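J.: Structure below; questions to follow.
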Amino acid sequence: QGGSGPVLAEADALDAAGIPYAALWAQDWSGRREFSPGRFGVVWRWVPDDTLYPDLRGLTDALHARGIRFLAYANPFVVPEVDHVDAMAAMGLLITDETGAPYLFQSVNTMAASPDFTRPETYAYTSGFFRAMVEDLGIDGWMADYGEWLPLDAQLADGSDARLAHNLYPTAWQRASRGALDARRPGGAYVQ
């Protein structure tokens, strides 16, 4: 964590120590935020942080030249003060509450919304970001986290009962993620 410099320094240290490895995982590729004093985590979004990783493609290319894959992190939480909520709400791509407004719920440590994968357009929207992660940024895979957080009282676009859809939501999140990887890396040349 910490940006391009620390990632390359870690690769150099592993090489110098003769430790075999095939990939480095940088969960903070999308940004770093402080949860509480001294507790840090990542910014939940599907685009790179230009401060920590000003040339992410250059970093992944440099690692690839050394035979090292670059792995990232993604989850379906859409955080209002970060990215995606307004665009996704305008297109009807978020789960909603009983009033039809985007359903905001308490996630791990912030309020968040979630994509409504009962709409095919939601797959297209999210997969566009995932395809860019692979194609434009050279990311070789990611941890597809937190697919299990569909609120039981959410309203879904297809009218299905969220209590019944809850256990299927992780497969929908995985499908959006995996579809982009399969499209850009046929034959499974990725990690997920």
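J.: Could you grab me the full set of residues in the stretch 104-134 that are assigned to a strand (DSSP E or B) and open to solvent by 50 Å² or more (accessible area, probe 1.4 Å)? Let's see the steps before the verdict.
T.: Keep residues of the stretch 104-134 that are assigned to a strand (DSSP E or B), which gives 105-106, 111-113, 115.
Answer for the stretch 104-134, where residues must be assigned to a strand (DSSP E or B) and open to solvent by 50 Å² or more (accessible area, probe 1.4 Å): Gln106, Met111.
Condition check ((1) closer than 22 Å to Ala26 by Cα; (2) in contact with a Gly (Cβ under 8 Å, 6 or more places away or on another chain); (3) at pLDDT 95 or above) across all residues:
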position: Gly92; (1), (2), (3): no, no, yes
position: Thr96; (1), (2), (3): no, no, yes
position: Met111; (1), (2), (3): no, no, no
position: Ala132; (1), (2), (3): yes, no, yes
position: Gly138; (1), (2), (3): yes, no, yes
position: Ala157; (1), (2), (3): no, yes, yes
position: Gly179; (1), (2), (3): yes, no, no
position: Gly187; (1), (2), (3): no, no, no
position: Tyr190; (1), (2), (3): yes, yes, no
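J.: State all residues of the stretch 80-89 that are closer than 28 Å to Leu59 by Cβ and not in a helix (DSSP H, G or I); if no residue qualifies, say none.
T.: Glu81, Val82, Asp83, His84
J.: Let me ask you something else. Tell me, yes or no, whether the stretch 165-181 has at least one residue that is open to solvent by less than 80 Å² (accessible area, probe 1.4 Å), of a type in the set (A, V, I, L, M, F, W, C), assigned to a loop (DSSP other than H, G, I, E, B) and within 19 Å of Tyr125 (Cβ to Cβ).
T.: no
J.: A follow-up question, please. Here are some conditions: (1) exposed (fewer than 12 other Cβ atoms within 10 Å of the Cβ); (2) modelled with pLDDT under 95; (3) in a loop (DSSP other than H, G, I, E, B). Ile19 meets all but one. Which one does it not meet?
T.: (2)
Results for (1) more than 21 Å from Glu135 (Cβ to Cβ); (2) in contact with a strand residue (DSSP E or B) (Cβ under 6 Å, 6 or more places away or on another chain), shown as yes or no for each residue.
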residue	(1), (2)
Gly3	yes, no
Leu14	yes, no
Gln27	no, yes
Pro48	no, no
Arg69	no, yes
Val78	yes, yes
Asp83	no, no
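J.: Could you run through the stretch 90-103 and say how many residues are more than 18 Å from the chain's Cα centre (by Cα) and either hydrophobic (A, V, I, L, M, F, W, C) or assigned to a loop (DSSP other than H, G, I, E, B) (or both)?
T.: Final tally of qualifying residues: 9.
J.: Take the residues of the stretch 29-44 that are open to solvent by less than 50 Å² (accessible area, probe 1.4 Å) and of a type outside the set (Gly, Ala, Ser): which is nearest to Glu135 (Cα to Cα)?
T.: So the first thing to find is which residues in the stretch 29-44 are open to solvent by less than 50 Å² (accessible area, probe 1.4 Å), and the list is 29-31, 36, 41-44.
Then drop every residue that is not of a type outside the set (Gly, Ala, Ser), which leaves 29, 42-44.
Values: Trp29: 16, Val42: 22, Val43: 21, Trp44: 20 Å.
The qualifying residue nearest to Glu135 (Cα to Cα) is Trp29.
J.: From (1) loosely packed, with under 13 Cβ neighbours inside 10 Å; (2) among the hydroxyl-bearing types (Ser, Thr, Tyr); (3) within 21 Å of Leu164 (Cβ to Cβ), pick out the condition that doesn't hold for Thr99.
T.: Condition not satisfied by Thr99: (3).
The values are calculated or read from the model by the stated rules, or taken from the named source; none is laboratory data. Worth saying up front: this structure is predicted, and the values here are computed from it rather than measured. Neighbour counts run over all protein chains shown; Cβ positions are idealised from the backbone, glycine included. Surface areas here come from the heavy atoms of the whole protein model, side chains and all, with no ligands, DNA or RNA. Shrake-Rupley method; radii C 1.70, N 1.55, O 1.52, S 1.80 Å.
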